[in-house]
Structures are given as structure tokens and as C-alpha cells.
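Please treat every number below as a calculation from the coordinates, not as lab data. Predicted model only: the values in this text are computed from it and were never measured. Quick reminder, even Gly has a Cβ in these numbers, built from the backbone with ideal geometry, and neighbours come from all protein chains shown.
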Amino acid sequence: MRLALREMRRQPGRFATAVALLTLIAMLLMLLGGLLDGLIQRSTGAIRAQPADLVVFSAASEHSFLRSRISPEIRARVAAVPGVTRVGGIGVSQLAARVPGNGPRDLVDVALFGYEEAPSGLPSPPAAGRAYADRVFEDQGVKKGDTLSLGPARTPVRVIGFVEDVSYSGAGTLWASPQTWRDVQDANRPGSSVGAGVFQALVVRTSGDASAVARRIDRATGGATVTVSRADAADAIGGVRQQRSVFNQIIGVTLVIAIVVVALFFALLTVERIGLYGMLKAIGARSRTLFGGVVVQAVVVALMAATIGSGFALLLDRTLPPGTIPYQLLPNRLIVSSIALVLAAVVGSAFSLRRVLRVDPASAIGRSS
């Protein structure tokens, strides 16, 4: 191991190509991970902010807010289930909005939520006709005190404050009272209007085992509901699973490329070292010791590349203007990507094992003399 590290210190140029290639791969990994996290965060923020362990949908809704309806009678059954501590109604309308000062065709996508239980960062529901806005709207010219015109009916809703990280399905959100939500829904989506006391879903706080409470809820409603965890409700938002699947496949292919790069580099390096390995074996060095040196060098190269790639990711996160691309750097993404790159380097270096084991001291020394 000391010999391997000493070689890297004395001949850094020999490893520069591998470091450069793996650094590009590390940058790509960080970029893909940041884009994936940004897309997921912008799609699921509204659900992640809910003060709930469970979300209750109607049975035929397929976990979709827009297709779900929960009547007051069903809500009463849910509230009576042992283990349920709090129940709040929630509904959403997805519309286009006109912003004061923008052109008549310069519309922004809005998801208006009517809520009873305040999500993280929000107070109790505001008065009728008012709403708290997702901070992403600030990049689209919305200011506190502005009145947005929602939908084809141009229903006025006044912005009275901003809140962080509550986007839904890629759109910014407004958070209003249930009555404001019903008024907007009735005016702009008359075919989907709801009666008094009806919500699209329920957010439920529990005591004890949440999964057991979920099963009891669905039994108590006679199968009229489907109760899922908050995480599952977030995953059910349109496009979330597909985005995660596609990006993870691309990340997987990128790691395979990293394995190939490391394998080719150390295979060529091992060929150059045949004579050296032969002499080392002749004086008593074991194959596992020589191969351990190869692995150590691969790990060092990968760590250098991961460090540079992480620096690139941090710089990108700080310099990207808000509202441009959905890039969000999470600490665990840096850690996971770095570990994955190191593991890929170790796997790639393992392809040199067979060649190291087959080195014959006599023939290797004879060839090099």
C-alpha cells in the first residue's frame, strides 16, 4: 500500500488521465442527482409539508386528488378509528393565473390548496379570498399584496405572504381556506364542484403503528377509502415515479461507464508494471498485496474525482439563478454519489486481479531484462 501511494506522489502525471475522466463522470453524476432531486422536490413539496402520517383517498381515485372525494360521513368514520388523533380535509385545483403587471397571455401555473390542518411553515387558513403563496412565484413577478386572477373565471385571490418548499406537480401553490378553494373550484371547474364538507382527501395524524391504523381506516369505511403513507402519496403524484426511474437508469449507466474507464486504465497500467510485479513477487510480495495497491490507487483517484465533482456541484447550486432549472443539491446526494463512484472504481480495478495473479516472476523479469 505504501508503495502504491508513493508511486502516486512521485508520478502524478501517470494518473492524471484517470482523474480527469472520473472527474467528468463525477460532475455528470452530481448534475443528474441534483436535477432528479430538484424535480422531485418541486413535485412533492406540498405533500411533504403536510402534518400527517397518512393520507386518505377515495377507493376509485388511484391516489389522485383530482379524482378523489371524501364525504362528511366517510370523514366521521375515519375520525372514529382507534389510533387516529387528528383529521384534516384538503383539496386542490390546478389552474392558470394572471399576475398583475404581466401581459394578458403571460400566465403562470398554480395549484390552489384548501386546507384545514396547517402544513409546515404555514399558519391557520386565512380569511376568504386570501392565500399564502409558494415563494417560487416571486421569480414570476408576484409580490405580497398582489391579487391573482385564477382560471377562466378570473377569480381574485390576494397574496398575503410566502412560504418555502410547497410546490406541487411542478407548479407553484397557493394555500387558502377550504371555502376559498370551493369558490374557485365552483367558478372555474363547475363539473368538479364539491359540496359543503366534502374534500378531495384527508390528512391524518396517528398514534402507534401508522400502517395498522391505515388498515383499520379502510376497514371502518367498508372499502370506500384507500389510505397510504405520506411518502406513498407523494410518489403517486403524476410523473414522480417515472422521473425517478429514468434518472436512476441514467445514473446507473454513468456508473457502468466509470467502471469501464477504471478497468481499462488499470489494465493498461498493470501491463506496464509486469516487470515490476515480477521483481516484487521474486522478493516475496504476495499477489493480494500487489492487488491491494491497485485498489488503493483506484480509491484515491475516485476520491479526488469525487472531491472536484462535489466542488462543481456546490458551485453550480450557488450560481444558478432561482427559477431557471430545477436543480437542488442535497447533502445526501453528494455522499451517495461519491460512495457510488468509489465503489465503481473498486469494481473497475478488480478486473486487473487476474492479470496480477498470473504474473510469473521468472518470465516477467526475463521479459523486462
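How would you rank Leu320, Leu290, Leu29, going from fewest to most other Cβ atoms within 10 Å of each one's own Cβ?
By the 10 Å Cβ count, ascending, the order reads Leu320, Leu290, Leu29.
Any idea how far apart Glu62 and Val347 come out in nm if each label point goes 7 Å out from Cα toward Cβ?
My value for the distance between the label points is 3.4 nm.
Rounding to the nearest 10 and keeping the result within 0 to 90°, find how far the Cα-based axis of helix 13-48 lies from the longest principal axis of the chain.
10
Starting from the 7 Å offset along Cα-to-Cβ, what nm value, one decimal, do you get for the label separation of Arg86 and Asn332?
So the two model labels end up 2.4 nm from each other.
Nearest 10 degrees is fine. How inclined is helix 178-188 to the longest principal axis of the chain, computing both from alpha carbons?
So the helix axis and the longest Cα principal axis differ by about 90 degrees.
Out of all DSSP beta bridges in region 63-235, what portion is antiparallel? Express it as a percent rounded to 5.
Percentage antiparallel, nearest 5: 70.
Compute the long axis of helix 240-272 from its Cα atoms, compare it with the longest principal axis of the Cα atoms of the chain, and write down the angle in degrees, 0 to 90, nearest 10.
10
Please order Val81, Val301 by the number of other Cβ within 10 Å, starting at the fewest.
Neighbour counts put them in this order, fewest first: Val81, Val301.
How far apart, in nm, are two points set 7 Å out from the Cα along the Cα-to-Cβ line at Arg215 and at Gln242?
For the pair Arg215/Gln242, the computed spacing is 3.4 nm.
Given N residues in the chain, what is Rg(Cα) / (2.2 N^0.38 Å)?
It is 1.38.
Set the Förster radius R0 to 22 Å, insert the Cβ-Cβ distance between Thr147 and Ala127 as r into 1/(1 + (r/R0)^6), and round the FRET efficiency to 0.05.
With a Förster radius of 22 Å, E is 0.95.
For a quick check: with amide H placed at 1.01 Å from N, whose amide H comes under 5 Å from Phe162's, ignoring anything fewer than 5 positions away on the same chain?
Amide H to amide H, under 5 Å and 5 or more residues apart or across chains, Phe162 pairs with Ala133.
Taking loop as defined by DSSP and a crowding limit of 14 other beta carbons within 10 Å, which trypsin sites (Lys or Arg not before Pro) in region 69-152 fit?
Arg105, Lys143, Lys144
Based on the Cβ-Cβ distance from Arg6 to Leu320, what FRET efficiency comes out when R0 is 45 Å, to the nearest 0.05?
Values: r = 41 Å, r/R0 = 0.92.
Working from the Cβ atoms, E equals 0.65.
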